[in-house]
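Below is one structure; the comments refer to it alone.
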Amino acid sequence: MRLAEIAARLSELTGRDDAKIHAVLRAPAMKPLLRVSPGPTPKSPGDYAPLELLRARLLLAGQGCGLSVAELARVNVALNKAIPPKEGGRVPTHLEALAAGEEWIVRVRFNEDMAGERQAYVTIGPEAELTDKVSERAHAAQRGLDHETELGVLVIPAHRLVAPLLPLLTEG
């Protein structure tokens, strides 16, 4: 799958202009976040697995919510952990859970550190698990956030954004 094809699929889903989506995906802030296999020659375009369609959808949603380049990179790291690449052509287990209707979110917690800088902490997973207030406090304490001020939380409904794309993962 080429980057232009990813943009076209996302355009069909969102109604946004595919050329604009393609330009955003090609930008230096976004393109390095997508996993690409090199083409047959050095000048050939890269080939993206269908799984990258989901990554692009969620990263574009984060960008649309105003996440910075560094924060998008943190979302991407969390995506790598939450949804590893296909092994042996099989859809990852977490995606099977999404396809079965499990409600997943991308949660970005913003804090201000002692220097006044905004810091983003990203978690991805089942909504019920991530909204447990007790576990939020425990995770914050483990990360040493006691001296930081919470600025807010962004919740992206991952399951709603990627559910229409899941059938495409089984395409060739």
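Of (1) closer than 20 Å to residue 168 by Cβ; (2) modelled with pLDDT under 95, residue 24 satisfies all except one. Which? Among (1) closer than 20 Å to residue 168 by Cβ; (2) modelled with pLDDT under 95, residue 24 violates only (2).
Scanning segment 111-120 for residues that are more than 13 Å from residue 62 (Cα to Cα) and either among the acidic types (Asp, Glu) or touching a Phe, Trp or Tyr at 6+ places or on another chain (Cβ under 8 Å) (or both) yields a total of 6.
Residue count for segment 19-53 satisfying the condition of being in contact with a Pro (Cβ under 8 Å, 6 or more places away or on another chain), closer than 18 Å to residue 75 by Cβ and without any contact (Cβ under 8 Å) to a residue 60 or more places away in the chain: 1. So, residue 16, is that one open to solvent by 70 Å² or more (accessible area, probe 1.4 Å), more than 22 Å from residue 73 (Cβ to Cβ) and touching a strand residue (DSSP E or B) at 6+ places or on another chain (Cβ under 8 Å) or not? So residue 16 does not fit the description; no. Return a yes/no flag: does segment 57-78 have any residue that is out of contact with any Ser or Thr (no Cβ under 8 Å at 6 or more places or on another chain), at pLDDT below 90, hydrophobic (A, V, I, L, M, F, W, C) and assigned to a helix (DSSP H, G or I). No; the residues of segment 57-78 include none that is out of contact with any Ser or Thr (no Cβ under 8 Å at 6 or more places or on another chain), at pLDDT below 90, hydrophobic (A, V, I, L, M, F, W, C) and assigned to a helix (DSSP H, G or I).
The values are calculated or read from the model by the stated rules, or taken from the named source; none is laboratory data. Keep in mind it's a predicted model, so treat the numbers as computed, not measured. Neighbour counts run over all protein chains shown; Cβ positions are idealised from the backbone, glycine included. When the accessible area is computed, the model is the full protein with side chains, heavy atoms only, and any ligands, DNA or RNA have been set aside. Shrake-Rupley method; radii C 1.70, N 1.55, O 1.52, S 1.80 Å.
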